[in-house]
Amino acid sequence: MKLLVSGAAGFIGNELALRLTDQGHEVVGIDNLNDYYDVNLKKARLARLEGRKNFTFIKMGIEDRQAIDELSKKHQFTRILHLAAQAGVRYSIENPNAYIDANLVGFGNILELARQQKVEHLVYASSSSVYGENEKQPFSEHDPVDHPVSLYAATKKANEVMAHSYSHLYNLPTTGLRFFTVYGPWGRPDMAPFLFTKAILNGEPIKVFNHGNMQRDFTYIDDIATGVLQCADRPPTSTETTQNTPASSKAPYQVFNIGNSKPVKLMDFIAAIEAAAGKPAKKRFMGMQPGDVPITYADTSRLQQATGYQPATQLQYGVDKFIAWYRKFYI
C-alpha cells in the first residue's frame, strides 16, 4: 500500500511514517520544513527515516497547488494521513496569514488530491482547540463547536466542515481526529512539556499560566500513533441510518476525540517533570493567555468503540521518556 503522510518532519507525522514503513508500506512524506520552530529538530526527525527504501521525502508546502499537482502525477495513493498544518494557538494571534495559507488553502488542496485519486481514506488532524470555551466536561464529539477562541481553532473547525462537504459530494471517506495535548520524545518545542523541561534544566523560571489552575489531557505519542493507525484501517461508510450530528453523518464522514481521557492538573504535570529532571522548578505565576482554555478533557468512548483505542502510558513513565530523550538530544 502506498500512503501519503503530510507533515512527515513533524512530531506526529514522523512517528506515523516510521511505523508505516516498519509495517512494509510505501510512504511518501511531504513537509515544508518551515521555521516556526527549530528546523534542525525537524531534520533530525527525518534522519530517522534515512536509508529506508520504502520512504520518499519531498520538501513542499501543501498550499502550493502546483506542487500538489506534480505530486499527484508521480504517485497514486491508497490512503492519505494529513498531519501538516500551521500549529500553535498563540502564534495564530501574531501571524494569521500562515494559518489561512496552510490550514485552509493547504487543506483544500489535500481534499482535492484525495478526491482526484479516489483514495480509500483521508485521515486528518483536527484539534481539541475546536471546543473553545465549552464548559461541559468531558468534551464530546456531539457537543457544538461553533465558537472557537483562536484562529487556529477556527481553521481546524473549518477543516471538519470542508471534509464533510467532500464526503457528501464525492463519497470520499474522511476521518478527523481531535488531538489532545500530545507529548513525548521528539515533541514540539512550543509545547509546555518542552518549555518547562528546558527552563527547569537550565535553572530558569517557568511561566505558569492561570496561576496553575489548568488541566490538560496529556497524551503520549505512542498511544496517539496507535490510535491514528487504528482509525486509518477503519474508513467510515455511507449509511442511511446514521443521524447527522457534529461527529457523524449519513456521508462517509466521522470525527473522533483522541486523547488520554484523564486530565492532569498543570501543577501535577510540573511535579512529574521536576521528579524526572531531579530539579525543582522556579515558578512565575501569570494570568490566562489570550486564546487559551482552562481545561481539556476528552471523551474517547466513541473512538474506543470504533477501533478498540485504549491509551496505556502512565504520566510519569511518559515524562521520564521525554526527559531522557531531551537530555540525549540537547545536552
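The values are calculated or read from the model by the stated rules, or taken from the named source; none is laboratory data. Keep in mind that this is a model prediction, so the values were computed, not measured. Cβ coordinates were reconstructed from backbone atoms using ideal geometry, including for glycine residues, and neighbour counts include every protein chain displayed. Just the protein is used for accessible areas: all its heavy atoms, side chains included, with ligands, DNA and RNA removed. Shrake-Rupley method; radii C 1.70, N 1.55, O 1.52, S 1.80 Å.
Coupling constants for the range 183-195 follow from the phi torsions by the Karplus curve (6.51 cos²θ - 1.76 cosθ + 1.60, θ = phi - 60°), and in residue order they are 9, x, x, 6, x, 7, x, 8, 8, 4, x, 5, 4 Hz; glycine and proline get x. When Kirkwood radius over Cα pairs in Å is computed from the coordinates, the matching label among [x] 22.5; [y] 20.1; [z] 25.0 is [y]. Annotation for the range 1-93: trypsin sites (Lys or Arg not before Pro) lying in DSSP loop with at most 11 further Cβ atoms inside 10 Å of their Cβ are 53. Cα gyration tensor of the range 45-132, axes a ≥ b ≥ c as square roots of the eigenvalues: rounded (a/c below 1.5), prolate (a/b > b/c) or oblate? Since a/c reaches 1.5 and a/b is larger than b/c, the shape of the range 45-132 is classed as prolate. For the chain, modelled as a GNM whose springs connect Cα atoms under 10 angstrom apart, the maximal fluctuation among 132, 24, 212 occurs at 24.
Model label points for residue 305 and residue 233, set 7 angstrom from Cα along the Cα-to-Cβ axis, are 2.1 nm apart. Nonpolar atom fraction for the chain, defined as the carbon and sulfur part of the 1.4 Å probe accessible area, stands at 49 percent.
Which aspartates and glutamates, if any, have their Cα less than 14 Å from the Cα of residue 250, not counting same-chain residues under 8 positions apart? Qualifying aspartates and glutamates at Cα under 14 Å: 240. Hey, quick one: spin label on residue 275, modelled 7 Å out along Cα-Cβ, who in the range 306-331 has an amide N within reach, i.e. under 14 Å? Correct set: 314-323.
With contributions of -39500 (n - 2.57) from each DSSP H run of at least four residues, the per-residue ellipticity at 222 nm computed over the chain stands at -11500 deg cm²/dmol.
Accessible surface ranking for 267, 60, 1.4 angstrom probe, highest first: 267, 60.
With a simple spin-label model that places each label point 7 Å from the Cα along the Cα-to-Cβ direction, the separation between residue 165 and residue 54 comes to 3.7 nm. Within the chain, the longest run free of exposed loop sites, counting GluC sites (Glu not before Pro) that sit outside DSSP helix and strand states (H, G, I, E, B) and have at most 14 other Cβ atoms within 10 Å, spans 136-239. Among beta bridges from DSSP that stay inside the chain, the antiparallel ones total about 5%. Note on residue 190 and residue 202: their simple-model spin labels are 1.8 nm apart, each label 7 Å out from Cα toward Cβ. When Rg and the Kirkwood Rh are both derived from Cα coordinates, the Rg/Rh ratio for the range 262-331 amounts to 1.05.
Sum up the charges of everything whose Cβ sits under 15 Å from the Cβ of residue 292, counting Lys and Arg as +1 and Asp and Glu as -1, but leave residue 292 out. Net charge in that neighbourhood comes out at -2.
Computed extension gain for residue 312 through residue 93, at 0.36 nm per residue and net of the alpha carbon distance, reaches 75.4 nm.
In plain terms, the chain from residue 327 to residue 210 could stretch by 39.3 nm, reckoned as 0.36 nm per residue minus the Cα-Cα distance.
Placing +1 on the Cβ of every Lys and Arg and -1 on the Cβ of every Asp and Glu, with nothing else charged, gives the chain a dipole about its Cα centre of roughly 760 debye.
Counting lysine pairs in the range 70-205 whose alpha carbons fall under 24 angstrom apart, excluding pairs fewer than 8 residues apart on the same chain, gives 6.
Listed by chain and number, the aspartates and glutamates placed with their C-alpha closer than 13 angstrom to that of residue 282 are 204, 274; residues fewer than eight positions away on the same chain are left out. Principal-axis analysis of the Cα atoms of the chain puts helix 65-74 at an angle of about 60° to the longest axis. Computed with a 1.4 Å probe over protein heavy atoms only, the accessible surface of the chain comes to 44 Å² per residue. Each 10 Å bin from zero up to the one holding the largest Cα-Cα distance in the range 127-191 carries the following percent of pairs: 19, 43, 31, 7. 3J(HN,Hα) along the range 265-280: 5, 4, 5, 6, 5, 4, 4, 5, 5, 4, 5, 6, 7, x, 9, x Hz, from the Karplus curve 6.51 cos²θ - 1.76 cosθ + 1.60 with θ = phi - 60°, whole Hz, x for Gly and Pro. Relative to the current alpha-carbon distance between residue 320 and residue 116, full extension at 0.36 nm per residue lengthens the span by 69.0 nm. For the range 2-15, putting each phi into the Karplus relation 6.51 cos²θ - 1.76 cosθ + 1.60 with θ = phi - 60° gives couplings of 9, 10, 9, 10, 8, x, 5, 9, x, 4, 7, x, 5, 5 Hz, in residue order, rounded to whole numbers and with x for Gly and Pro.
Taking all protein chains as shown and a probe of 1.4 angstrom, residue 315 keeps an accessible surface of around 50 Å².
Using the Cα gyration tensor of the range 84-171, with a ≥ b ≥ c the square roots of its eigenvalues, what is the shape: rounded (a/c below 1.5), prolate (a/b larger than b/c) or oblate (neither)? Taking the square roots of the gyration eigenvalues as a ≥ b ≥ c, the range 84-171 is oblate. Sorting 148-156, 189-197 by their mean Cβ neighbour count within 10 Å, with the most densely packed peptide first, gives 148-156, 189-197.
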